[in-house]
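Down below is the structure, laid out as structure tokens.
The values are calculated or read from the model by the stated rules, or taken from the named source; none is laboratory data. Note that the structure is a prediction, hence the values are computed from the model and not measured. Glycine also receives a Cβ, built like all others from the backbone with ideal geometry; neighbour counts cover every protein chain displayed.
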Amino acid sequence: MKLKQLIPTRSALAHLRFVFSVFLLPVYLFALSQADAVNTAQALLIFFIWHLLAFPASNGYNSYFDRDEESIALLAKPPEVDISLYYFSILLEAVAFLIGFLINWEFAFAVLLYGIMSKLYSHPATRLKKYPIISFLTVFFFQGAFIYFTTYSALTGLSLFRHWDIGFVIAGGICSCLIGASYPLTQIYQHAEDSRRGDRTLSLLLGYKGSFIFSGLLFATGIALSWYYWHLAGMMLNFYFFLLCALPIFLFFNYWFYKVGQSTENANFKNAMRMNFLSSACMLIYFGVLAIMG
């Protein structure tokens, strides 16, 4: 490795997809909203580690081995990858791990574990992405409940191994359901390229109609868990606010499902990004308000 290979090119920076971290921000905001007596400096550092280091590093590492030629999340025409993307993504991950010790050792190793799973997901030697169920469960847990559990623990200063209760588990389940519901819809426009590469994704397994049905069922499960969570907390207004914020997602989801039923050409990058941005915006409003009010 040459030192200049650690300097990211414009292509490498594009593939890091920093904006994509916004899609995962609701999980952080949910954890922030439920944590008491948060240290502002700690909260900002945790945000920085996840959203400006660990998540972009995972995006870049995945892109390097995917070498997509067709549209991927946020990149309608992805530029050709180069070796700087590989080395810089590893550098970002190493920095995230080391800075994580400023929070505590548990959080640092949580960041490391997240990075390891992203490598298992993408690297040709393991390529969990090839296996529809395993790849789904990896994303379902590690981008949902795992991020919530570790972020909440880091924000509160509590050990990850000592404060498990039903509310904590249900909150993680809500995050996993919301992340998991979007997962097959982020793959629905990539069937041709995934097939050529030998990646049998969940969306390929389910088909166009099945992808929408699966996503709808998982989102409905997230709603049910949300009802239970706020019922236990005696704060049902938060649940009704969730329904209000989820309404635009529900409407566009059904509209898109109808359009894909008319023609599978509507299962395209443009509509997938509309779905992603709409759902992210609605959930950012919801969890952002919770964080501010909390």
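Structure data summary
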read-out: Near pairs, Cβ below 8 angstrom, 6+ apart or cross-chain, from segment 209-223 (among the hydroxyl-bearing types (Ser, Thr, Tyr)) to any residue that is at pLDDT 95 or above; value: Ser215/Ala181; Ser215/Phe253; Thr221/Cys177
read-out: Verdict on Ser280 being in a helix (DSSP H, G or I), in contact with a Ser or Thr (Cβ under 8 Å, 6 or more places away or on another chain) and surrounded by 14 or more Cβ atoms within 10 Å (Cβ to Cβ); value: no
read-out: Of residues in segment 1-42 being polar (S, T, N, Q) and either in a loop (DSSP other than H, G, I, E, B) or free of Cβ contacts under 8 Å to residues at least 40 places away in the same chain (or both), the one surrounded by the most Cβ atoms within 10 Å (Cβ to Cβ); value: Ser21
read-out: Among the residues listed as Ile133, Ile116, the single one being in a helix (DSSP H, G or I), more than 20 Å from Thr186 (Cα to Cα) and β-branched (Val, Ile, Thr); value: Ile116
read-out: Meets criteria (assigned to a helix (DSSP H, G or I) and either hydrophobic (A, V, I, L, M, F, W, C) or within 18 Å of Ala41 (Cα to Cα) (or both)) for Ala94; value: yes
read-out: Filtered residues of segment 162-203 (kept if assigned to a loop (DSSP other than H, G, I, E, B), over 19 Å from the mean Cα position of the chain (by Cα) and either surrounded by 24 or more Cβ atoms within 10 Å (Cβ to Cβ) or in contact (Cβ under 8 Å) with a residue 24 or more places away in the chain (or both)); value: Gly198, Asp199, Arg200
read-out: Residue list for segment 86-142, restricted to those being among the aromatic types (Phe, Trp, Tyr), at pLDDT 95 or above and more than 25 Å from Ser176 (Cα to Cα); value: Phe101
read-out: Top-ranked residue in segment 231-270 [being hydroxyl-bearing (Ser, Thr, Tyr) and either in contact (Cβ under 8 Å) with a residue 40 or more places away in the chain or not in a helix (DSSP H, G or I) (or both); ranked as farthest from Gln187 (Cα to Cα)]; value: Ser263
read-out: Where Ala108 falls short, out of the listed (1) in contact (Cβ under 8 Å) with a residue 40 or more places away in the chain; (2) buried (at least 18 other Cβ atoms within 10 Å of the Cβ); (3) of a type in the set (A, V, I, L, M, F, W, C); (4) part of a helix (DSSP H, G or I); value: (1)
